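Every number in this text was worked out from the coordinates using simple rules, so none of it is lab data. In this text the structure is predicted, and so the values were computed from the model without any measurement. Every residue, glycine as well, gets a Cβ built from its backbone with ideal geometry; the counts of neighbours run over all protein chains shown.
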Amino acid sequence: MTDRWPITYGESIITSQPNTDSTKQSRTTVSMTPAQTRVLALLPTYRTLAGIATEPGVGRPTVKPHVENIYKKLGARNRSQAVKLAETAGLLPRP
């Protein structure tokens with residue numbers, strides 16, 4: 001993961017915290033919760049959702065909703081696309 005926040009991706013700003021700066025109204029702000037950030041870091045491993053849920057700090061009943069929300073926030077339709085978008089945005093290290 002990167003400590004460089006916020007990350008600008010296209011017309012979106014991806015942050016680890018909600019945007020409170022009203023001067024950036026022309027851009028969309030995407031913020032990840034700490035749990036979503038942990039799940040996002042595990043998406044490139046291509047573990048099953050149950051496999052991701054075995055990691056500390058990631059609860060089994062919430063993995064699927066976290067993944068769905070990550071897809072929505074990144075504008076991805078699937079895991080591969082979410083990983084690519086997250087890598088491009090600097091949220092994940094590139095392989």
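Things worth noting here:
- Counting neighbouring beta carbons within 10 Å and listing from fewest to most, the residues Val63, Val58 come out as Val58, Val63.
- Using a simple spin-label model with pseudo-atoms 7 Å out from Cα toward Cβ, Lys72 and Ser31 lie 1.6 nm apart.
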